[in-house]
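The values are calculated or read from the model by the stated rules, or taken from the named source; none is laboratory data. Every value quoted in this text rests on a predicted model; they were computed, and no experiment measured them. With ideal geometry, Cβ positions are generated from the backbone for all residues, glycine too; neighbour counts draw on all protein chains shown. Remember, those area values only see protein heavy atoms, side chains included, never the ligands or the DNA or RNA. Shrake-Rupley method; radii C 1.70, N 1.55, O 1.52, S 1.80 Å.
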Amino acid sequence: MAAAVLAAPLAATPAQAQARPEVGITASGCNHQVCLYTVYTGSGYQAWAEFTVDVARGHIDFRGPGLRASSPDGPWKARIDTRRYPGSGSGKVCAEGWSYHSGRWHSIGLPCVTM
């Protein structure tokens with residue numbers, strides 16, 4: 001009987017199977033004065049961000065698999081989310097916050113997460 005068990009084909013265990021993330025699984029992170037949030041949607045992901053401080057003039061650039069976008073340029077209150085931007089695929093997603101002052105643009109945070 002032991003030989004029959006050993007000869008049976010081995011089924012893939014969950015650790016061996018390459019499972020897709022569950023819908024609603026999120027990843028987030030903050031760096032300096034910007035926080036990035038993501039959520040898996042089933043067919044891709046959505047990313048959005050916020051400044052953690054008031055910004056008189058600024059915007060947030062989003063980069064990731066299937067994602068290249070920028071929030072509108074203008075004043076931003078702290079903790080006000082950008083709209084959600086759709087992306088597809090898996091890999092590193094980043095949001096770089098920019099603030100304009102003293103006659104030039106300054107990066108004020110670059111959080112990244114892995115989707």
Residues being over 12 Å from S70 (Cα atoms), open to solvent by 20 Å² or more (accessible area, probe 1.4 Å) and either part of a strand (DSSP E or B) or of a type in the set (K, R) (or both) - total across segment 92-108 = 8
Restricting segment 43-64 to residues that are open to solvent by 30 Å² or more (accessible area, probe 1.4 Å) and in a loop (DSSP other than H, G, I, E, B), which is farthest from M115 (Cα to Cα)?
-> D54
Residue tally, condition surrounded by 12 or more Cβ atoms within 10 Å (Cβ to Cβ) and of a type in the set (K, R), over segment 70-91 | 1
Take the residues in segment 79-115 that are in contact with a Ser or Thr (Cβ under 8 Å, 6 or more places away or on another chain) and of a type in the set (F, W, Y), then tell me which one is nearest to G29 (Cα to Cα).
-> W98
Qualifying positions in segment 30-42 - assigned to a strand (DSSP E or B) and more than 16 Å from S107 (Cβ to Cβ) = Y37, T38, V39, Y40
Top-ranked residue in segment 23-37 [being touching a Gly at 6+ places or on another chain (Cβ under 8 Å) and under 15 Å from M115 (Cα atoms); ranked as modelled with the highest pLDDT] | L36
Can you find a residue in segment 72-84 that is at pLDDT 95 or above, assigned to a strand (DSSP E or B) and either of a type in the set (S, T, Y) or within 16 Å of L110 (Cα to Cα) (or both)?
-> no
